[in-house]
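First up is the structure itself, then whatever we jot down about it.
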Amino acid sequence: MTRLLATTGALFGVGAVSLGAFGAHALEGTISAERAEVWTTAAHYLGWHGTSLLALAALLWSDRLPAAARRLLGLSGLLLLGGTLIFSGSLFILVLSDLGAFGAITPIGGLLLIAGWAVAAAGALKLKPVE
């Protein structure tokens, strides 16, 4: 789980920078200002959640993590991973294809992200100080 979250987090970082630059340069002048803003939102969410996955992976690396916290933080990582793919991915596709149907699935990704953060909070409550 730790390797999956760390690798995906790093790849999300690569994607956020690459796709952000693509949107700012290659798409400039070819899409509306509203679509450019949607693209930027998708890139920002990709980057923020990539960083979050790296942080979760770092937490999960510890051998002192209580079992309940490990389960919840691992689940949180999976929810954030899936939510980010659906949320950002659907927005990127929406901008490139101009098919409104992709905008209809974006909220599913958003709900998964909310759930991921809520589960992360529950996992954090299970953490214990290192003695």
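Every read-out reported here was derived from the displayed coordinates using simple, explicitly stated rules and does not represent laboratory data. Everything numeric in this text was worked out from a predicted model, so none of it was measured. Here Cβ is always computed from backbone atoms with ideal geometry, including for glycine, and neighbour counts include all displayed protein chains.
In the chain, the longest principal axis of the Cα atoms and the axis of helix 67-97 are about 0 degrees apart. A straight chain from GLU34 to TRP61 at 0.36 nm per residue would run longer than the Cα-Cα distance by 5.6 nm. Helix 33-61 axis versus longest C-alpha principal axis of the chain: approximately 20°, rounded to the nearest ten.
Note on the chain: GNM, Cα springs under 10 Å; of GLY100, GLY15, GLY82, the largest mean-square fluctuation is that of GLY100. Specify the angular offset, from 0 to 90 degrees and rounded to the nearest 10, of the alpha carbon long axis of helix 100-125 from the longest principal axis of the alpha carbons in the chain. Computed tilt is about 20 degrees. Highest GNM mean-square fluctuation among LEU78, LEU96, LEU46, for the chain modelled with Cα contacts below 10 Å: LEU96. In the chain, a dipole from Cβ-located charges (positive for Lys and Arg, negative for Asp and Glu) runs towards its positive end, and of HIS49, ALA115, SER88 it is ALA115 whose Cα lies farthest in that direction. The helix-only estimate of mean residue ellipticity at 222 nm for the chain, built from DSSP H runs of length n ≥ 4 each weighted as -39500 (n - 2.57), is -29000 deg cm²/dmol after division by the residue total. Kirkwood hydrodynamic radius computed over the chain comes to 15.3 Å, based on all pairs of distinct alpha carbons.
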